[in-house]
């Protein structure tokens, strides 16, 4: 069931609650005590966004048909995937252990960014948001029956929030340490 919160965010209750619960549980348990779910398969693929190859690390539960499992697009923060790989890849892994197909997007590939300082964010955020939109479209094309959620941390949280309020293909968004700029809010 879709609902609109007072701040204008549209979300699907049945999908948003389990996603938020998993994210919160993961943060509480921390990386030292990972959730013990099913084994997962980790593979890398690429797709094009703005003429650039974008890497996506896919985490899929082993031993289950992934066709109807929901997808979660995971967006890293300003340090990127390489620097924050243990944390963000750990979250992706844990989401997959709980039965989601997870797509950890290297959206900095679009601009060749290694770390996003304020100048890089000002210069590149529109391109990164375009890559996030392209990622959701790519996931939808690859997995047309799957519901798509989006999880963003810090800078990725801003991108996830912007995508979550503007793309009807996104059923749920979980933002950790991010938000919306005034220009991104729905009126």
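Ranking of 166, 49 by neighbouring Cβ atoms within 10 Å, starting from the fewest: 166, 49. Taken along the Cα-to-beta-carbon direction at a fixed 7 Å, the label points for residue 64 and residue 46 span 3.1 nm. Given axes a ≥ b ≥ c from the Cα gyration tensor, I'd like to know whether segment 52-119 is rounded (a/c under 1.5), prolate (a/b larger than b/c) or oblate. The shape class here is prolate. With the Kirkwood sum run over all distinct C-alpha pairs, segment 39-179 has a hydrodynamic radius of 14.7 Å.
In terms of other Cβ atoms within 10 Å, 69, 159 run from fewest to most in the order 69, 159.
The order of 145, 133, going from fewest to most other C-beta atoms within 10 Å of their C-beta, is 145, 133.
Ranked by the mean number of other Cβ atoms within 10 Å of their residues, highest first, the peptides 124-131, 103-110 fall in the order 103-110, 124-131.
Can you tell me, using C-alpha contacts under 8 Å and at least 6 residues apart, the relative contact order of segment 39-179 as a whole percent? Worked out over segment 39-179, it gives 26 percent.
Here, each number is a calculation from the coordinates, and none is a lab measurement. All values derive from a computational prediction rather than experimental measurement. Cβ sites come from the backbone with ideal geometry, for glycine too, and all protein chains shown count toward neighbours.
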